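Report on the following structure.
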Amino acid sequence: MSNEVSYTPEEVAKILKISRFTVYDLIKRGDLVAYRIGRKVRVEPTDLEAYKQRGKGINSAIEQPVTRHAESIVPVDDGLIICGQDIILDILTRHLEKKTPHVRFLRQYIGSIDGLLSLYRGTANVVTAHLWDGDTDEYNIPYIRRLLPGHKTMVVNLAYRNEGFYVAKGNPKGIKDWNDLTRADIRFINRERGSGARVLLDEKLRKQDIAHEHINGYKQEEMSHLAVASCVARGDADVGLGIEKASAQVKETEFIPLKKERYDLVIRKDDFDKPQFLSLMAVLKSESYRNEVEGMGGYDISQMGEVMAEIK
């Protein structure tokens with residue numbers, strides 16, 4: 001098979017005999033490696049074969065790290081590699097592509113801690129974070145200082161979101177707060193380690209002295225807010241943790257707000273005055289982008305584009 005061949009998500013769906021929506025979900029979770037060229041998403045044959053071999057329980061010699069395309073398709077110095085899982089980042093990328101068609105973009109669907117580590121390693125240059133620190137009641141800044149030692153960064157607000165519990169319609173089990181997760185009749189579905197939701201949960205459990213061993217389902221993980229909400233909607237779990245927007249997209253679930261979280265972009269200070277980053281800031285302050293995000297509901301954009309901190 002020629003190395004020049006690559007597949008669209010629709011072609012992958014036909015090969016695997018699944019829906020294209022499932023393919024996009026596999027890409028978003030990081031199970032299937034993909035890359036962007038402009039607005040197009042592509043999957044290489046070796047990456048598709050690696051996914052199939054993993055499904056068969058075979059360790060394929062052709063497997064490559066998920067970050068490979070970030071390093072080879074879009075060099076950090078020439079484009080923007082944007083890490084994060086929220087749909088408003090996809091919308092942001094689309095607006096950037098329209099504003100700066102000569103700049104190359106790549107989206108990496110990874111959690112907050114993995115994003116900060118990618119920034120530290122130089123395999124990404126725009127990452128998102130929504131990491132709550134229980135000791136200071138502060139978002140993101142304590143983690144940036146720990147995970148990017150010696151790196152000067154700019155922290156720019158993207159939006160505020162409500163984080164809380166997904167429960168079945170009518171909340172039949174009367175779930176209200178963190179202590180309810182330890183009840184014997186409650187099945188929980190967790191997020192993966194490194195995600196902002198997982199950090200919020202673990203910090204709340206630590207602060208309230210709740211042992212995670214007492215939570216039925218603590219070790220059961222899903223890779224996105226939508227996947228957690230879907231698990232609750234199907235009845236595979238009684239409760240999960242995520243953002244309000246995902247609950248609104250999944251029927252048969254209700255949302256119980258617990259925490260208003262700050263969702264920030266983190267950028268190296270050395271990059272901040274480069275043309276593509278100035279374009280990013282311009283989009284964040286543009287009426288068209290702000291109106292589109294606000295129109296979706298579930299986001300507070302009152303501080304969008306504001307510098308929340310400069311970390312030296």
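From TYR263, TYR289, which residue is in a strand (DSSP E or B) and buried (at least 17 other Cβ atoms within 10 Å of the Cβ)?
TYR263
Where the second residue is assigned to a loop (DSSP other than H, G, I, E, B) and acidic (Asp, Glu) and the first is over 20 Å from GLY295 (Cα atoms) and touching a residue at least 60 places away in the same chain (Cβ under 8 Å) and lies in segment 236-259, which pairs have Cβ atoms under 9 Å and are six or more apart or on separate chains?
From residues that are over 20 Å from GLY295 (Cα atoms) and touching a residue at least 60 places away in the same chain (Cβ under 8 Å), the pairs are ASP238/ASP185; ILE256/ASP177; LEU258/ASP177.
Could we say that ILE58 is open to solvent by 40 Å² or more (accessible area, probe 1.4 Å), modelled with pLDDT under 95, on the phi < 0 side of the Ramachandran plot and not aromatic (Phe, Trp, Tyr) here?
So ILE58 fits the description; yes.
Please give the number of the condition GLY242 fails out of (1) in a helix (DSSP H, G or I); (2) within 19 Å of GLY115 (Cα to Cα).
GLY242 satisfies every listed condition except (1).
Filtering segment 8-30 down to residues that are surrounded by 14 or more Cβ atoms within 10 Å (Cβ to Cβ) and assigned to a loop (DSSP other than H, G, I, E, B), which residue is modelled with the highest pLDDT?
Ranking the candidates gives THR8 first.
Looking at segment 237-255, is at least one residue basic (Lys, Arg) and under 21 Å from LYS204 (Cβ atoms)?
If we filter segment 237-255 for residues that are basic (Lys, Arg), which is where we start, we get 245, 251.
Now drop any that are not under 21 Å from LYS204 (Cβ atoms), which leaves 245.
Scanning segment 237-255 turns up at least one residue that is basic (Lys, Arg) and under 21 Å from LYS204 (Cβ atoms).
Can you tell me which of ILE311, ILE256, ILE215 is surrounded by 15 or more Cβ atoms within 10 Å (Cβ to Cβ), over 20 Å from ALA197 (Cα atoms), among the hydrophobic types (A, V, I, L, M, F, W, C) and at pLDDT 95 or above? Break it down into steps so the answer makes sense when it comes.
Working: ILE256 fails: over 20 Å from ALA197 (Cα atoms); ILE215 fails: over 20 Å from ALA197 (Cα atoms).
When all the criteria are applied, what remains is ILE311.
List every residue pair whose Cβ atoms sit under 9 Å apart, with the two residues 6 or more apart in sequence or on different chains, where the first one lies in segment 200-227 and is on the phi < 0 side of the Ramachandran plot and free of Cβ contacts under 8 Å to residues at least 12 places away in the same chain and the second, anywhere, is of a type outside the set (Ser, Thr, Tyr) and loosely packed, with under 15 Cβ neighbours inside 10 Å.
What qualifies is ASP202/ARG193; HIS212/LYS219.
Results for (1) in contact (Cβ under 8 Å) with a residue 12 or more places away in the chain; (2) under 17 Å from the mean Cα position of the chain (by Cα), shown as yes or no for each residue.
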residue: GLN85; (1), (2): yes, yes
residue: TYR120; (1), (2): yes, no
residue: LEU147; (1), (2): yes, no
residue: GLY150; (1), (2): no, no
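Kindly indicate the residue of segment 296-305 that is under 12 Å from ARG262 (Cα atoms) and assigned to a loop (DSSP other than H, G, I, E, B) and also nearest to the chain's Cα centre (by Cα) among those meeting that condition. Walk me through how you get there before you give the answer.
Filtering segment 296-305 down to residues under 12 Å from ARG262 (Cα atoms) leaves 299-304.
Now restrict to residues that are assigned to a loop (DSSP other than H, G, I, E, B): 299, 301-304.
Details: TYR299: 15, ILE301: 18, SER302: 21, GLN303: 20, MET304: 18 Å.
Result: TYR299.
Exactly one of these conditions fails for ILE110: (1) among the hydrophobic types (A, V, I, L, M, F, W, C); (2) without any contact (Cβ under 8 Å) to a residue 60 or more places away in the chain; (3) closer than 24 Å to ASP25 by Cα. Give me its number.
Condition (2) is where ILE110 drops out.
Each row is one residue, and each column tells you yes or no for (1) among the β-branched types (Val, Ile, Thr); (2) surrounded by fewer than 16 Cβ atoms within 10 Å (Cβ to Cβ).
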site	(1), (2)
PRO172	no, yes
ILE175	yes, no
ASP180	no, no
ASN190	no, no
HIS225	no, no
ALA229	no, no
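Tell me whether segment 238-247 contains one or more residues that are farther than 17 Å from ASP86 by Cβ and open to solvent by 40 Å² or more (accessible area, probe 1.4 Å).
No, the conditions are met nowhere in segment 238-247.
The values are calculated or read from the model by the stated rules, or taken from the named source; none is laboratory data. Remember, predicted model here, so these are calculated numbers, not experimental data. In this analysis, Cβ positions are derived from the backbone assuming ideal geometry, glycine residues included, and neighbour counts consider all displayed protein chains. These accessible areas exclude ligands, DNA and RNA; they are computed on the full protein's heavy atoms, side chains included. Shrake-Rupley method; radii C 1.70, N 1.55, O 1.52, S 1.80 Å.
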